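The values are calculated or read from the model by the stated rules, or taken from the named source; none is laboratory data. Keep in mind that this is a model prediction, so the values were computed, not measured. Backbone-built Cβ (ideal geometry, glycine too); neighbour counts: all protein chains shown.
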Amino acid sequence: MPSLIQFRNTCVRYSDLVTGLADFSLSVERGEFIYLLGPTGSGKSTILKLLYREVAPTSGEVWLDGENIGQLAERDIPFLRRKMGIVPQDFALLPNKTVWENVGYAMRAIGKGRREVRQTIPRILDQVRIGHRADALPHQLSGGEQQRVAIARSLINDPPLILADEPTGNLDPEHSLEILQILEELNSKGTTVLMATHDMMVVNRCPHRILRMQGGRMQKEGALVV
Amino acid sequence: MWFDRLGFLVGEAFTALRRNRWMTFAAISTATAALFLLGGLFLTWLQVSRSAQAVGERLPVRAFFRYGAEQEVLTQSLAEARQIPGVRSVRLVTKEEGWKDFQKKYPQVAKDLDNPLPDSLHVQLTDVEQVGGVAARLQKLDGIQPDGVRYQNDQQKLVADGLRTLHIVGIALGAMMLLTSGVLIYNAIRLTIVARRREIRIMQLVGATRATVRAPMVIEGLFQGAIGGALAGALIGGSVLGMQRLAANLSAQSFQTGFNFGPWMFGLGLAGAAYGVLCSLFALRDSGRQLG
């Protein structure tokens, strides 16, 4: 069975002066949990953006589940994104909608009917342990709870892959570990997780495969941070 | 399922309309004003055209034959005159008939005179604006005297010029108003895109199609244009009824426009909706970066 994700000599150049990723190659197997570790501008977000096709490779190839997504037509990108869950750093919640409505809105946006939304949401919210706050508005939630809602929203398509871009970036250590725990639970059920972070505490507490990024290049790869 | 989907998209559009209520109000009211002006001027132009046609009937063109023109020439010219574009009807008036009419109209002048009139053609026009061309063609007919074509040039020219001016002013004013309302609808949609950037981002993250992201904005433009158009139709209807009542109160001659309320509201609503959609599409095209 081929790898779930493959980068082959991938380059992303934002302009003549700014390189997002340089000659990057990587294979990710199904069910892996990978940290993309590095400072701002190191290329870790670019890797995630390539996978959900917010950017296209300048050269090289990006394969996902046997498909060269670097060549994907614009109209097919939404369908690519339905095969993955995307968790942004800033939660991206709608402030005037409750937890339930936030997840429901995302489901409605991809064409799910009212009945399906009603049936699916309780399961998803329970999965990330936020079901008890279903009627709360985002401003009534802690940062960790808001991020759990964002993770819940990323699960609406039952994705085999989760891309989390600094999901603990705005959280205190306690809430960061809570989020990590949820991502690990999802991973233990077979979901592949790619998580961009610069939080060494998180990486040390829950060791997984690590890609150290610097200036758009992979500097080092290892299982544990020394 | 289809209905459910449409419900979601329309709901999104109405959320945006509520959120930008002042811009929505400005866009709808300007679209109303533009379509009211265009529709009103069109109606006025129709009414004036009808009146001009009546003027054309009341101000016939006469073409006088030379004295002693043969019967064959008269018949031949009559037939040719009927073929001239812009001619509604032609009647051959013999010198005897002409003299009889003259005597009836001006008995004092005619009483001591012998008949000085030649045979003539009395021509009625379909369109008063064509009087110059028709006169020129009549002049070339066989048997017509040099300078034998007579019509009340000034009055007919006045009517024709008035119509032309009304036409130009109407188009210019209407186009200006239409452009203004278009810019407002365009801006309302651009504002919606900014106001909804969070929803748009979420839609994009979870894999909503381009059509789903854009459809609420198109519906918003459609709604603004349709409401503006329907209101314009209603305003025109109200104005026409008001004028009819005023004319009746002043005991003036009846003011009949042939105005039909329903089709006007529907037609202007439809035109407004199409225009709203067009403006939305322009706004969406120019916001490509935010919309992905």
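For the stretch B:127-180, the set of residues classified as modelled with pLDDT of 80 or more and acidic (Asp, Glu) consists of B:ASP142, B:ASP147, listed by residue number.
Of all residues in the stretch B:119-152, which are under 26 Å from the mean Cα position of the chain (by Cα) and of a type in the set (Gly, Ala, Ser)? If the condition is that a residue be under 26 Å from the mean Cα position of the chain (by Cα) and of a type in the set (Gly, Ala, Ser), then B:GLY132, B:GLY133 are the ones that fit.
Just the residues that are out of contact with any Ser or Thr (no Cβ under 7 Å at 6 or more places or on another chain) and away from chain A (no Cβ under 14 Å), please, taken from the stretch B:186-198. Scanning the stretch B:186-198 gives B:TYR186, B:ASN187, B:LEU191, B:THR192, B:VAL194. Quick one: in the stretch A:94-142, of everything that is crowded, with 18+ Cβ neighbours inside 10 Å, away from every other protein chain (no Cβ under 12 Å) and touching a residue at least 40 places away in the same chain (Cβ under 8 Å), which residue is farthest from the chain's Cα centre (by Cα)? For the stretch A:94-142, the residue satisfying everything is A:LEU141.
So that you can scan it fast, the table gives a plain yes or no per residue for (1) within 19 Å of B:ILE202 (Cα to Cα); (2) of a type outside the set (S, T, N, Q); (3) in the same structural domain as A:ASN68 (by TED's automatic domain parsing):
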residue	(1), (2), (3)
A:ASN102	yes, no, no
A:ALA109	yes, yes, no
A:ALA134	yes, yes, no
A:GLU166	yes, yes, yes
A:LEU171	no, yes, yes
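Within this structure, A:GLN71 fails the test of being modelled with pLDDT under 95 and under 16 Å from the mean Cα position of the chain (by Cα). B:LEU291 satisfies every condition listed in (1) under 19 Å from B:LEU41 (Cα atoms); (2) in contact (Cβ under 8 Å) with a residue 60 or more places away in the chain except (1).
Yes/no matrix, rows are residues, columns are (1) under 16 Å from the mean Cα position of the chain (by Cα); (2) touching a residue at least 12 places away in the same chain (Cβ under 8 Å); (3) outside the structural domain of A:ARG209 (by TED's automatic domain parsing):
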{"position": "A:SER3", "(1), (2), (3)": "no, yes, no"}
{"position": "A:PHE7", "(1), (2), (3)": "no, yes, no"}
{"position": "A:ASP16", "(1), (2), (3)": "no, no, no"}
{"position": "A:LEU26", "(1), (2), (3)": "no, yes, no"}
{"position": "A:ARG30", "(1), (2), (3)": "yes, yes, no"}
{"position": "A:PHE33", "(1), (2), (3)": "yes, yes, no"}
{"position": "A:LEU37", "(1), (2), (3)": "yes, yes, no"}
{"position": "A:THR40", "(1), (2), (3)": "no, yes, no"}
{"position": "A:LEU48", "(1), (2), (3)": "yes, yes, no"}
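Selection of the stretch B:209-221 for residues being of a type in the set (A, V, I, L, M, F, W, C) and either away from chain A (no Cβ under 12 Å) or crowded, with 18+ Cβ neighbours inside 10 Å (or both) yields B:VAL213, B:ALA215, B:MET217, B:VAL218, B:ILE219.
In this structure, is B:VAL206 surrounded by 20 or more Cβ atoms within 10 Å (Cβ to Cβ), hydrophobic (A, V, I, L, M, F, W, C) and free of Cβ contacts under 8 Å to residues at least 60 places away in the same chain? Steps first, please.
Numbers: surrounded by 20 or more Cβ atoms within 10 Å (Cβ to Cβ): yes; hydrophobic (A, V, I, L, M, F, W, C): yes; free of Cβ contacts under 8 Å to residues at least 60 places away in the same chain: yes.
It is true that B:VAL206 is surrounded by 20 or more Cβ atoms within 10 Å (Cβ to Cβ), hydrophobic (A, V, I, L, M, F, W, C) and free of Cβ contacts under 8 Å to residues at least 60 places away in the same chain.
Of all the residues in the stretch A:169-226, those that are in contact with a helix residue (DSSP H, G or I) (Cβ under 7 Å, 6 or more places away or on another chain) and of a type in the set (A, V, I, L, M, F, W, C) number 15. Residues that are surrounded by 17 or more Cβ atoms within 10 Å (Cβ to Cβ), touching a Lys or Arg at 6+ places or on another chain (Cβ under 8 Å) and not basic (Lys, Arg) within the stretch A:71-84 comprise A:ILE77, A:PRO78, A:LEU80, listed in sequence order. From the set of residues in the stretch A:170-186 that are surrounded by fewer than 19 Cβ atoms within 10 Å (Cβ to Cβ) and of a type outside the set (D, E, K, R), which is nearest to A:ASP158 (Cα to Cα)? This residue is A:GLN181.
Please go through the stretch A:67-77 and give me each residue that is in contact (Cβ under 8 Å) with a residue 12 or more places away in the chain and facing chain B (nearest Cβ under 9 Å), ordered by number. Selection gives A:ILE77 alone. Of everything in the stretch A:143-168, what is more than 12 Å from every other protein chain (Cβ to nearest Cβ), in a loop (DSSP other than H, G, I, E, B) and surrounded by fewer than 21 Cβ atoms within 10 Å (Cβ to Cβ)? Give them in sequence order. Answer for the stretch A:143-168, where residues must be more than 12 Å from every other protein chain (Cβ to nearest Cβ), in a loop (DSSP other than H, G, I, E, B) and surrounded by fewer than 21 Cβ atoms within 10 Å (Cβ to Cβ): A:ASP158, A:PRO160. The set of residues in the stretch A:78-93 that are touching a residue at least 60 places away in the same chain (Cβ under 8 Å) and over 21 Å from A:HIS139 (Cα atoms) comprises A:ARG82, A:LYS83, A:MET84, A:GLY85, A:ILE86. The criterion of being within 14 Å of another protein chain (Cβ to nearest Cβ) and touching a residue at least 24 places away in the same chain (Cβ under 8 Å) holds for A:LEU64.
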